[in-house]
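Just below is one structure, and these are the notes that go with it.
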Amino acid sequence: MLSERLLSSVMRRANDAYLRLEPSGLAKLPAPVPGRPYLLYVHVPFCERLCPYCSFNRFPYNAERATRYFKNLREEMRMVADLGYDFQSMYVGGGTPTIDIGELVETIDLAKSLFSIQEVSSETNPNHLHPHWIDPLVERVDRFSVGVQSLDDELLKQMDRYDKYGSAFEILERLQSIEGRFHSLNVDMIFNFPSQTPEKLSADVELVKRTGANQVTFYPLMASPAVRQSLAKTVGKVDYNREYRYYQQISEQMSDGFEPASAWTFSRTGGGMIDEYIVDYEDYVGLGSGAFSFLEGALYVNTFSLQVHAERIEMGRTPALQKRVFSDYDRMRYRFLMSLFGMSLDKRAFVRDFGMTIDQGLPIEMAYMRTVGAFDVDNAETLVLSAKGRYLLVSMMREFFVGVNNLRDQARAALSTDERELLFGDGGVEGAPCDGHPLAESASDTETAQELPVP
């Protein structure tokens, strides 16, 4: 699609200038603004094995490293509470949040004791859909997201997931076994694998509808520069030319029983659920190695080093060592992207928050989207995406997350030789991937829901 290719090209060029980090020089994060809602994001950077296509901050699991990490993660949580922050919503991403269920339970319980947490979201992998992991979470987690990626055995083998997570039939059975145990069960899928045919995609869609999930998220395969080589070696070179056709196919098949909840999330008809926390919160605090915080127009990036994270917390100092301050225009673009990703934009709220209409603030963006037919509704109060507009947001978010992955590479450049060897040496991959958006990290991640995006 010509409009998608143009948008992708513009997004790539913008990201190069837009996502640049500088030292923060902070001893602690800024204090909260009274009355402003914040999301709490908690990052668990451990996986049993590392995905060759994942750019999120993750390390191979080691019990000693994890014990020290979780202890300091909870201390970081207390430091944020001492600053006066409060949260009603908590999202745990990774990595693999459920990799040490005892530590995860203790961390969630502490958050609920410190803050006004009303809902908790957590990611997991298909091999953790057993009572040992599920039972302790049922009373603690409201939104549960499982990184499945595909229910095609050949694709699972190609991704080196078959032996680790089981066959498509086994994964399907496990998902069905937890139906109804959580308020919201989301399944993360990936589409546009190089070897994926329309027939394979059709079978994937029909199978995922049988999982019992009340939400399904379809992320496009994202080839950021950091993982492009390993991605090509494992699953092949990505062809974006067919992405639109595949998205149309997904949308058509999912229309039987599901409805769009965001550009790439589908909820069961009448369910009204959405697991896209990025739509509901513009400001957030990120805890843990590699987590992001966005506060009063500035992005703060925690160190990606487990060792430095521990040292900073043990000294009583924030691990947010880098930052990026955004202009009003940058923030307007971010509002535009994230609101429309959630299907609609409130024009009145835009005027309230920026002191100008969206046409005044973003005249080029609005003119382009109108020209290509991206809106079904465009009146004085709101914008609502058309079917074509939803795909354009998918492509924009794909490029946005690629840009965020480049930002992660900037932060990862400070890792010690030993920690880089854990990620990129023989000890890091072990021949098989862990779960990984991306978000969407997700689509991520699990890469798919992963860390929060940045403006």
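The values are calculated or read from the model by the stated rules, or taken from the named source; none is laboratory data. Since we're looking at a predicted model, the values are computed, not measured. When we count neighbours, we look across all protein chains shown, and the Cβ atoms used for this are built from the backbone with ideal geometry, even at glycine.
Brief remarks follow.
- Selected residue (criterion: modelled with the lowest pLDDT) from residues of the range 8-45 that are among the aromatic types (Phe, Trp, Tyr) and either out of contact with any Gly (no Cβ under 6 Å at 6 or more places or on another chain) or surrounded by fewer than 24 Cβ atoms within 10 Å (Cβ to Cβ) (or both): Tyr18
- Residue check, Tyr240 within 26 Å of Asp376 (Cβ to Cβ), in contact with a helix residue (DSSP H, G or I) (Cβ under 8 Å, 6 or more places away or on another chain) and crowded, with 21+ Cβ neighbours inside 10 Å: no
- Residue in the range 254-267 that is under 21 Å from the mean Cα position of the chain (by Cα), surrounded by fewer than 22 Cβ atoms within 10 Å (Cβ to Cβ) and at pLDDT below 75 present: no
- Meets criteria (within 17 Å of Asn127 (Cα to Cα), modelled with pLDDT of 95 or more and buried (at least 22 other Cβ atoms within 10 Å of the Cβ)) for Val216: no
- Single condition Val141 does not satisfy, out of (1) surrounded by fewer than 23 Cβ atoms within 10 Å (Cβ to Cβ); (2) part of a loop (DSSP other than H, G, I, E, B): (1)
- The residues of the range 327-358 that are hydrophobic (A, V, I, L, M, F, W, C) and surrounded by fewer than 18 Cβ atoms within 10 Å (Cβ to Cβ), listed by number, are Ala349, Val351, Phe354, Met356.
- Scanning the range 150-198 for residues that are in contact with a Pro (Cβ under 9 Å, 6 or more places away or on another chain) and either among the aliphatic types (A, V, I, L, M) or on the phi > 0 side of the Ramachandran plot (or both) gives Met159, Asp160, Gly166, Ile171, Leu175, Ile190, Asn192.
- Tally, over the range 64-81, of residues that are touching a Phe, Trp or Tyr at 6+ places or on another chain (Cβ under 8 Å) and closer than 17 Å to Ser293 by Cβ: 1
- Ala232 being surrounded by fewer than 18 Cβ atoms within 10 Å (Cβ to Cβ) and closer than 24 Å to Phe56 by Cα: yes
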